1. Can you name every residue in the range 9-38 that is within 25 Å of ILE148 (Cα to Cα), part of a helix (DSSP H, G or I) and of a type outside the set (A, V, I, L, M)?
2. Taking the options LYS80, LYS117, LYS105, name whichever one is open to solvent by less than 30 Å² (accessible area, probe 1.4 Å), farther than 19 Å from LEU32 by Cβ and of a type in the set (Lys, Arg).
3. For the structure I just gave you, tell me whether SER139 is open to solvent by 10 Å² or more (accessible area, probe 1.4 Å), of a type in the set (Gly, Ala, Ser) and part of a helix (DSSP H, G or I).
4. Restricting the range 23-53 to residues that are β-branched (Val, Ile, Thr) and open to solvent by less than 10 Å² (accessible area, probe 1.4 Å), which is modelled with the lowest pLDDT?
5. Of a type outside the set (Lys, Arg) and modelled with pLDDT under 90: which single residue out of ILE213, ILE122, ILE148 fits that description?
6. Can you find a residue in the range 52-61 that is in contact (Cβ under 8 Å) with a residue 12 or more places away in the chain, within 14 Å of the chain's Cα centre (by Cα) and part of a loop (DSSP other than H, G, I, E, B)?
7. Of all residues in the range 167-212 being assigned to a strand (DSSP E or B) and under 23 Å from GLU71 (Cβ atoms), which is most open to solvent (accessible area, probe 1.4 Å)?
Amino acid sequence: MESLKDIFKLIDEVKFGENVLIEYYRSFIPELTTLGLLYYAREKGLPVVIDDNFDALHVIQKHLEFVGIKEDFKDVFVIKTGGKREVGNVVTRIKFVSEPAIYIKNYEDTGRAIFSKLERSINIVLGLERLFAFVSSVSEFYALLLSIQSFLGNKRRKSFYLINKDVASSSEFNPLPELERVATTVIEATPTPTSGFFTFRKSTNLELLGKSIEVPVGVIGWR
């Protein structure tokens, strides 16, 4: 089992400009991962930007409350798409429209404006699979994928895309194969009753490739 210090060392191995895809099954993995990344960023003095799609951050916050962790995310910059519950420091709200081309243009303009003001940051993307659920054609699918791909190599951020594997794979256009291709690091997260196993299926660091780590829920103050 890994300590919080050990986990921070692994996050250090992720380079700025990388896109990390974390695939999980129904569990508390999003809560565990989001909080771990938030603690890491605070330890390193890095700002955090969370893409909150369809109130995903609100769900995480409430789940944490039920297990005894009160987190207001007040020091987190939040880019909010859809939903009604504002959590954290919402710096911009992007109106969700069913036409992906319009949404993508709005997001890219907003995202680049925010990240251009930050020298280095941790970017956590929540609820991405829900955006792909609205895709209705191959052209829309690749437009959204190319938008995600366009941020690859942006050295102002380390990006972590948390995606529910069950929801994503049930979409008409399953984004997982293409997201795995675009990502520099792919981590499969498997839950146990008291921990999460994180296995590096793809990595720019050969020492991490194939490595599995166990993160006990206790390392983030879970009671």
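The values are calculated or read from the model by the stated rules, or taken from the named source; none is laboratory data. In this text, all values refer to a predicted model and were calculated from it rather than measured experimentally. Here the Cβ is made from the backbone with ideal geometry for all residues, glycine too, and neighbour counts use every protein chain on show. Heavy atoms of the whole protein, side chains included, go into the accessibility calculation; ligands, DNA and RNA do not. Shrake-Rupley method; radii C 1.70, N 1.55, O 1.52, S 1.80 Å.
1. ASP12, PRO30, GLU31, THR33, THR34, GLY36
2. Numbers: LYS117 fails: open to solvent by less than 30 Å² (accessible area, probe 1.4 Å); LYS105 fails: open to solvent by less than 30 Å² (accessible area, probe 1.4 Å).
Result of the check over LYS80, LYS117, LYS105: LYS80.
3. On the way: open to solvent by 10 Å² or more (accessible area, probe 1.4 Å): yes; of a type in the set (Gly, Ala, Ser): yes; part of a helix (DSSP H, G or I): yes.
Yes; evaluated as a whole, the condition is true for this residue.
4. Let us first name the residues in the range 23-53 that are β-branched (Val, Ile, Thr), namely 29, 33-34, 48-50.
Adding the requirement that they be open to solvent by less than 10 Å² (accessible area, probe 1.4 Å) leaves 29, 34, 48-50.
Details: ILE29: 90, THR34: 95, VAL48: 97, VAL49: 96, ILE50: 97.
Selected residue: ILE29.
5. Numbers: ILE122 fails: modelled with pLDDT under 90; ILE148 fails: modelled with pLDDT under 90.
The match here is ILE213.
6. Within the range 52-61, one or more residues are in contact (Cβ under 8 Å) with a residue 12 or more places away in the chain, within 14 Å of the chain's Cα centre (by Cα) and part of a loop (DSSP other than H, G, I, E, B).
7. Residues of the range 167-212 assigned to a strand (DSSP E or B): 185-191, 195-202, 212.
Then drop every residue that is not under 23 Å from GLU71 (Cβ atoms), which leaves 187, 189, 191, 195-196, 198.
Values: ILE187: 17, ALA189: 0, PRO191: 51, SER195: 7, GLY196: 0, PHE198: 22 Å².
In this case the residue turns out to be PRO191.
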